[in-house]
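This report concerns only the one structure given below.
The values are calculated or read from the model by the stated rules, or taken from the named source; none is laboratory data. Note that the structure is a prediction, hence the values are computed from the model and not measured. Don't worry about glycine lacking a Cβ; one is built from the backbone with ideal geometry, like all the others, and counts go over all protein chains shown.
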Amino acid sequence: MIIKKIMILVCCVLLSLSAKAQQTFSPFPKAGDRYWQKQVPVAMRNDYIRLGNLYQKKPWNAIPAETFAEFRTNGNRTRYEEASFGIRKQFVCLVMAEIMQGRGRFLPSIRKGLHYFIEKEPWWGIPAHYPKDHPEKDIQPVDLFNAETAGMLAWTLYMLEDEINRKEKGLCDQVRSEIERRFLQPVLNQPQGWKNNANNWNTWITSNWLETVLICESDAKQRDAAFKGVQQCLRTFLKGYPDDGGCEEGVSYWDCAGASFFESLYFMQFAPKQAVLTLNEAQKKKVENMGRFITTMYINDLTFVNFSDAQAQNVPNINILFPYGAYLQNLQMMQLAAYVGKKYQYTLKPSTLFLKSGNYPKLGRELMLLSMLPKYQATAAVEPKTEDAYLENSQIMVASNKNWFVAAKGGNNAESHNHNDIGNFIVYHNNQPVVIDLGRDTYTSKSFSNQRFELMNCRSAYHNVPIINGLEQKDGRKYRAEKVSHVFSEGISSLTLNLEKAYTEAAHVEKWQRTIALDREYNWVEVTEQYKLDSLQIEKDRLNGQVFDNQIILMAYGKPVVQKTGRILLQGGMVRLEYDAQYLSASVEKVQMTDGIMKTQWKDNIYRIILRLNDNYLMAKVKYRFVETR
C-alpha cells in the first residue's frame, strides 16, 4: 500500500512538472486575453469574424475514398488536395474568428471540426505521400501535411483549450491523443528519410514538430527526446544548406525552407533550455543569408526570380516574412512585408493575405505576426532593389540598373526541384519580362517521378540554354557548371561559366563558355557564347548520316517580330534582340501549354526563339544582346 501511494505521488509530481513546463511556453496571449480586442484594430477583427461567418454553417463532409485513390489511378493529386486544404481553411478561419470575437459563437463549429479530424480522416496527409490507394488507421507515415494538421490543431488547443473544455470536456484530450498517435509517435520513432536532407521537408515538418511538442506533449521523457530530434534535424538542415542562403527549390519554397528554420528558432525563444538550438557566428550568418534570399530575388511589384519550381508572381507570406525580418533586424525584409501588407490592405482586410499564407492559412504564423502588430504598423512600405548580388555557393547572379534586371544561374543538375537548366538566365526590361523561366507548373504524379524531365518546364529545351549536337542537359550531380566567376563594377555585372560538363559525352563539346552581362555603360544585356566542338567526332557522325543542330534557346514573353535578319523585336517593340547572322539564324515558334499554373501565370503568351549555329563553325565566339529601342 505504501509503495502504491509513493508511485501515485511520483506520477502526480511528474504530471505537475510536465504541466508546468507546458505553461512556460507562452509566445503570445491566449484567446481570452484582452490583447486581441485591444491591440488588433476593429476593422481587422471584423474581417476575421466575417471569414468565420462564411464557414460557420458549412458541413464537415468526409472526402470520398475514390478522390484519395485518384493519384494512383490517374495521376491527379489536385482534387484531393483542394478538398483537404479547403477543410483546413474552413477550420482555421473559424478558430481565428473565435479568437477575435471571444464570445463562444464559433465554438460549436470548431468542435465539429475537431471531431471531423478525429473521426473522418484516417490520415491527415495527402495521397501523393501515402503508400496505398486508401489510408488506413494503423499506417501513419509523416508527411508535410499531417505535420501541418497536427500543428494547426495544437495551436487551436493552445488558444482555445479552456473554452472548448467548458463546452465539451474531454474533447481536447481526444485531440491530443490523435496528435500523439498520428504524428508525435511516428515522427519520433519511425525512420524518416527527410531527417537526413537539407530541403523544405526537413524544416517544414520540424517546425510543426517542435510547436506540437511544446503545446501537446505531457511526457517529460518524450519531450526531451523530441527536443533532441528537432535539434538534430535543424543541424542537418543547416549543415547542408548553402552558406549564401540560396533556396534550391526556388522562391516559392522560401517560406517552407529557410523561413521554417527561422520559425523553429523563434519559438525556441519561449521554450525550455533543453529545446534551444545554439548557433555559432557562422551559423548565425547563414540564417541571415537565408532570410535575405527573398529580398535579393525580388524584381518589382511582387515579381521574383523564379528558377526551379517557383512562380514569377509571388505574394510573400508576411506572417513569416515580417517576424523573420524583425528577428534579424533586417529593415529590407520588414519593409517588403509592409509593402505587401499595404498593397493588400492588411490592416483593413487581413483575410486576403491570411487566406494566401500557404496551401491553407497558417494559424501559428498569423498569431505570431499579430502579436507584433504595433511594430509592423510602424514600418514603412518599401520595395527592395538589388544593384548586384552573387550567391557564391548557389552560383546565382542578380543585377539591375534603371532599365534592366538580369538573373543567371550555374549550379548542378541534382539540385532539389532541378530543371536541367545550368546557364539559364532571365531578362526584364522596365520591370516587364523579356526572356523568362517557365518556372513551376501544376504538380501531377510525373512531377517527382522518373518522368520529371519529360515535362516541358523541367527540360533544358524550354530554358534559355544551348542544345548541343541535338542533346539537352542531363540530370545528375556530375552535370554541373564549372569555372564560374562573377564580376561587379560600376560599369558591368557579369556571370561567366563553362557549360560543357552539363551535357553527356555524346554532345561532343570540348568547351562552352557562356557570359551573361549587364553593361551599364551601353545600357544593354549581352550574352557571349565561346565554344569549341569536337570536330573529329562531329565529322564522323556526319559521315554516318547523323547531323544534329546546335541551338541557343530563348524563351520570350510576348510574340517576337522578326524585323530583319539579325534583329528581332521583343516586348511589343520596346526591346530589340540583335545577333550576328554570320553565325546564327533565327526561327520562332509558339509554345503550346496545357491548362495549369504555368499557362495561367504566363497568359499563354510564351514563344520559343531558336538561334541555330552555322554548321560551318565548330569553334567560334558568338555574341547577342538585348537593346532598348526607345
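Scanning the range 524-552 for residues that are more than 30 Å from residue 401 (Cα to Cα), surrounded by fewer than 18 Cβ atoms within 10 Å (Cβ to Cβ) and modelled with pLDDT of 85 or more turns up 532, 534, 535, 536, 537, 549. The condition of being in a loop (DSSP other than H, G, I, E, B), of a type outside the set (A, V, I, L, M) and over 20 Å from residue 180 (Cβ atoms) does not hold for residue 125.
Counting only residues that are within 27 Å of residue 304 (Cβ to Cβ) and exposed (fewer than 15 other Cβ atoms within 10 Å of the Cβ), the range 566-588 holds 2 of them. Only residues that are over 16 Å from residue 67 (Cβ atoms) and buried (at least 17 other Cβ atoms within 10 Å of the Cβ) were counted in the range 117-128, giving 1. Only one of (1) at negative phi; (2) in contact with a Ser or Thr (Cβ under 6 Å, 6 or more places away or on another chain); (3) not hydroxyl-bearing (Ser, Thr, Tyr) is not met by residue 596, so which one is it? Residue 596 satisfies every listed condition except (1).
Comparison of 452, 440 shows that the only residue that is within 19 Å of the chain's Cα centre (by Cα), crowded, with 24+ Cβ neighbours inside 10 Å and either under 20 Å from residue 129 (Cα atoms) or not assigned by TED's automatic domain parsing to the domain that holds residue 501 (or both) is 440. A single entry from 98, 82 fulfils the requirement of being free of Cβ contacts under 8 Å to residues at least 12 places away in the same chain and out of contact with any Pro (no Cβ under 7 Å at 6 or more places or on another chain): 82.
Within the range 172-201, the set of residues being among the acidic types (Asp, Glu) and buried (at least 18 other Cβ atoms within 10 Å of the Cβ) comprises 178, 180. Could you say whether any residue in the range 511-520 is under 29 Å from residue 574 (Cα atoms) and either among the acidic types (Asp, Glu) or over 35 Å from the mean Cα position of the chain (by Cα) (or both)? Within the range 511-520 (the criterion being under 29 Å from residue 574 (Cα atoms) and either among the acidic types (Asp, Glu) or over 35 Å from the mean Cα position of the chain (by Cα) (or both)), the answer is yes, since at least one residue qualifies. For the range 473-496, which positions are in contact with a Lys or Arg (Cβ under 6 Å, 6 or more places away or on another chain) and either closer than 20 Å to residue 438 by Cβ or not acidic (Asp, Glu) (or both)? Within the range 473-496, 480, 491 qualify. Of all the residues in the range 462-477, those that are among the small types (Gly, Ala, Ser) and part of a loop (DSSP other than H, G, I, E, B) number 1.
Looking at the range 185-195, can you tell me whether even one residue there is in contact with a Cys (Cβ under 7 Å, 6 or more places away or on another chain) and either of a type outside the set (Lys, Arg) or modelled with pLDDT of 95 or more (or both)? Yes. Of all residues in the range 76-109, those being more than 18 Å from residue 46 (Cβ to Cβ) and buried (at least 24 other Cβ atoms within 10 Å of the Cβ) number 1. Does the range 295-306 include one or more residues that are out of contact with any strand residue (DSSP E or B) (no Cβ under 7 Å at 6 or more places or on another chain) and either under 20 Å from residue 268 (Cβ atoms) or among the small types (Gly, Ala, Ser) (or both)? No. If you go through the range 57-75 and keep only what is surrounded by fewer than 15 Cβ atoms within 10 Å (Cβ to Cβ) and under 19 Å from residue 124 (Cα atoms), you end up with 59, 61, 62, 64, 65, 66.
Would it be correct to say that residue 137 is farther than 20 Å from residue 217 by Cα, in the same structural domain as residue 94 (by TED's automatic domain parsing) and in contact with a Leu (Cβ under 9 Å, 6 or more places away or on another chain)?
When the stated conditions are applied, residue 137 does not pass them.
Pairs linking a residue in the range 59-76 that is among the β-branched types (Val, Ile, Thr) to a residue that is surrounded by 13 or more Cβ atoms within 10 Å (Cβ to Cβ) and in a helix (DSSP H, G or I), with Cβ atoms under 6 Å and 6 or more positions apart or on different chains, are 63/83; 67/79; 67/80.
Criterion first (touching a Phe, Trp or Tyr at 6+ places or on another chain (Cβ under 7 Å), part of a strand (DSSP E or B) and either surrounded by fewer than 24 Cβ atoms within 10 Å (Cβ to Cβ) or modelled with pLDDT of 95 or more (or both)) does residue 294 satisfy it? Spelling it out, it is not the case that residue 294 is touching a Phe, Trp or Tyr at 6+ places or on another chain (Cβ under 7 Å), part of a strand (DSSP E or B) and either surrounded by fewer than 24 Cβ atoms within 10 Å (Cβ to Cβ) or modelled with pLDDT of 95 or more (or both).
The single condition among (1) touching a helix residue (DSSP H, G or I) at 6+ places or on another chain (Cβ under 9 Å); (2) surrounded by fewer than 24 Cβ atoms within 10 Å (Cβ to Cβ); (3) within 24 Å of residue 26 (Cα to Cα) that residue 169 does not meet is (1). Restricting the search to helices (runs of 4 or more DSSP H) fully inside the range 198-282 and requiring at least 3 residues that are touching a His at 6+ places or on another chain (Cβ under 9 Å) and under 30 Å from residue 311 (Cβ atoms) gives an empty result. Screening the range 330-431 for helices (runs of 4 or more DSSP H) wholly inside it with 2 or more residues that are among the charged types (D, E, K, R), touching a helix residue (DSSP H, G or I) at 6+ places or on another chain (Cβ under 9 Å) and at negative phi returns the ranges 363-371.
Would you point out the residue of the range 129-156, among those that are among the hydrophobic types (A, V, I, L, M, F, W, C) and surrounded by fewer than 21 Cβ atoms within 10 Å (Cβ to Cβ), that is farthest from the chain's Cα centre (by Cα)?
The extreme case among them is 139.
Taken over the range 33-56, the criterion of being part of a loop (DSSP other than H, G, I, E, B) and either under 26 Å from residue 122 (Cβ atoms) or touching a helix residue (DSSP H, G or I) at 6+ places or on another chain (Cβ under 7 Å) (or both) is satisfied by 39, 40, 56.
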